[in-house]
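Okay, structure first, notes after.
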Amino acid sequence: MNEILLLVLAIAGVFSIACSIALISLGTIIDHYPLGDESNRKRSLSSPIESTRITVGIYWLLFVIGGYAVLQDSTYALIIGITTLFSGVLFMFTALILSFAVLHAMRKRKTPMKTPILQVTPVSVADPVAAPVAGITSIPKKYYRKPNFMVDALMKRD
């Protein structure tokens, strides 16, 4: 049984090395992608390069802890180690997918994003309540739909 666990640990290690290299390179590409005005941009720990490096470092720390727990003789340590390794590999796979999605979205955007200016009209508490006007009917069902912002964002076509 221990040989099988060592084989799975080696396979997970090779997968993790490849994913770590790909994730760091994707973070670098995303960080260096031209967005327009770069003069007021500040590079900090939240920039894509640094946050990706920190995340990969934490992942490898958990991978070593999970690998050590798998090699122990205790049943509980074995379960904890397998769970840690499995969740780490799933995290790495998810991070790769999201990085590719971010890069795709950045490449697809043609014009830079602009912050919309919201027009706010003040409302007084003492305003009279609107009474229904005769002759106006309700909106037909075919023209009314409940707003769903997630669906609208996903279905938006340029």
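The values are calculated or read from the model by the stated rules, or taken from the named source; none is laboratory data. Bear in mind that the values here come from a model prediction, so they are computed numbers and not experimental data. Note that we place each Cβ from the backbone using ideal geometry, even for glycine, and neighbour counts take in every protein chain shown.
Quick check on the range 16-32. Is at least one of its residues at pLDDT below 90, touching a Gly at 6+ places or on another chain (Cβ under 6 Å) and surrounded by 15 or more Cβ atoms within 10 Å (Cβ to Cβ)?
No, there is no match, as no residue in the range 16-32 is at pLDDT below 90, touching a Gly at 6+ places or on another chain (Cβ under 6 Å) and surrounded by 15 or more Cβ atoms within 10 Å (Cβ to Cβ).
Condition first: surrounded by 12 or more Cβ atoms within 10 Å (Cβ to Cβ) and either within 16 Å of ALA22 (Cα to Cα) or not hydroxyl-bearing (Ser, Thr, Tyr) (or both). Now tell me which residues in the range 47-57 satisfy that.
If the condition is that a residue be surrounded by 12 or more Cβ atoms within 10 Å (Cβ to Cβ) and either within 16 Å of ALA22 (Cα to Cα) or not hydroxyl-bearing (Ser, Thr, Tyr) (or both), then PRO48, ILE49, GLU50, SER51, THR52, ARG53, ILE54, THR55, VAL56 are the ones that fit.
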